1. Let me have the relative contact order for segment 157-282, percent, based on Cα pairs under 8 Å that are six or more residues apart.
2. Going by a ≥ b ≥ c, the root eigenvalues of the Cα gyration tensor, does segment 520-560 fall in the rounded group (a/c under 1.5), the prolate group (a/b larger than b/c) or the oblate group?
3. For segment 102-153 and segment 291-359, what is the separation of their Cα centres, given in Å?
4. Tell me, in nm to one decimal, what length is gained between residue 33 and residue 103 on full extension, where the rule is 0.36 nm per residue of separation less the Cα-Cα distance?
5. Take the alpha carbon gyration tensor of the chain, find the square roots of its eigenvalues, order them as a ≥ b ≥ c, and report rounded if a/c is under 1.5; if not, report prolate when a/b exceeds b/c, else oblate.
6. Taking the Cα atoms only, what angle lies between the long axis of helix 221-245 and the longest principal axis of the chain, rounded to 10 degrees?
7. May I ask you to order 418-428, 61-71, 516-526 by the average number of other C-beta atoms within 10 Å around their residues, highest value first?
8. With angles folded into 0 to 90 degrees, how steeply does helix 168-179 sit against the dominant principal axis of the chain? Use alpha carbons for both and round to 10.
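Since every read-out is calculated from the coordinates, none of them should be taken as a lab result. Every value quoted in this text rests on a predicted model; they were computed, and no experiment measured them. When we count neighbours, we look across all protein chains shown, and the Cβ atoms used for this are built from the backbone with ideal geometry, even at glycine.
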Ligand code: ARG
């Protein structure tokens, strides 16, 4: 429908001797917030300078130029600086469902990002440590932002930038020197490595740990071999997690990759007169910008997280020429990102302005405390996932004990519950991580959405042969609502992208499912004289919900 509107505007503009491309017009067309303002609106501001007239007058003029209202519309009006289009309900309904059914998973896609690259630094756990709950947030949100960007035509590079370097490895090695035990390490690597870290972190070993890290930085054989072993074991565990979560990366790198490229960065900072000595260490003074000082090189020569991030950013720009570089990392690192983005800017990289810290808040437990430990123990991701899948299995036993493939279904429901439970909240806010709530089948939850999808699919399965005539006179209120919601999908994606906010997609999915369930309650599908149209509507709904959930990283189930 939007295309038809764009065509009308293009033709009218040509008559005014203005050439504006279809794509540009499509980009400018808005969906008014209020129904009284119609279905589409074209803002005339951009034409003011060319036509040397006020936007309001241009709107009136264009309305005249269009002439007789085309049959697809009930009305076209100039309202202030806008040209508002009121689509004929029946045309809107038929065109919308036909378009969805034709485009399938491509419905909602656009080309606006064509030829542009976006990198997303996401997940990025620290090796030799348990995969933290904060890394889960980064994984879920980063993935969704990636899918949303892809839908708009961007080439997306999801980067898992592992925390695989730093003084903590000195501590790990000391821990190993004290407690090392191959069998125990193999038995439960992450838990044993955590033990090593705790041991090596003891104050009495501080100097020893520092020395070991120094050795590691200098390529010492023994240190390197141990570090490699820790890394491999961690990666194996992380891979299993990612497989369950259904997450893939386009690049798996990490801080260690930049170890031997740090001298170059430091030299560059020096040449650009940005470094300052402070108690034997090298820093960049950012006090002028209210950003404190950023430590670049310690007095013992060791480099830091920030040094590696600067180096990695420069390398990423070389390789990807990104139009945007996103870091999905917790808000507690805000200052770190502000500092190193500023340093990149001071180094003269104009792409520094395209770097974005897209941050998230904390998971809280039901008492509103930081969700990190349970009864004083670290919460392991693996345990959380298993617990969620068990809960999901119980719910299935209650609801539909005859369901085939229960295990696979439980997995998808569990993942859907967690992903949705997170993404329905604005990412920057703290949120309560409450698995019981996430897994409820009613209300604003992942399972409710999956269930709505499965319900639509079961209706469609009952049809043997579908008639092709789409005959009907009037549309019911609920049909109109559902069609309108479906047709909002692309503008919702754009909004979610602009605000880097997947909760816009999540809330949309929920509203869509709610309207569908109301429609289904009020409008009989099978056997009604509008059966053909209503079946198309059910099909279009299920497709759009599927597409919408895919943007959240959630896979649908045909049966539930
Ligand atoms: N490994 C870090 C942590 O767990 C997150 C890394 C985020 N990415 C980055 N380029 N700094 O805190």
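1. Numbers: 118 pairs, mean separation 48.3, N = 126.
Once normalised by length, the contact order is 38 percent.
2. Working: a/c = 3.20, a/b = 2.44, b/c = 1.31.
Prolate is the answer for segment 520-560, as a/c is 1.5 or above and a/b outweighs b/c.
3. Centre-to-centre (Cα) distance: 20 Å.
4. Values: separation 70, 0.36 × 70 = 25.20 nm, distance 2.59 nm.
Answer, rounded to one decimal: 22.6 nm.
5. oblate
6. 20
7. On the way: 418-428: 22.3, 61-71: 14.2, 516-526: 16.0.
So the peptides 418-428, 61-71, 516-526, ranked by packing, come out 418-428, 516-526, 61-71.
8. Roughly 50 degrees, rounded to the nearest 10.
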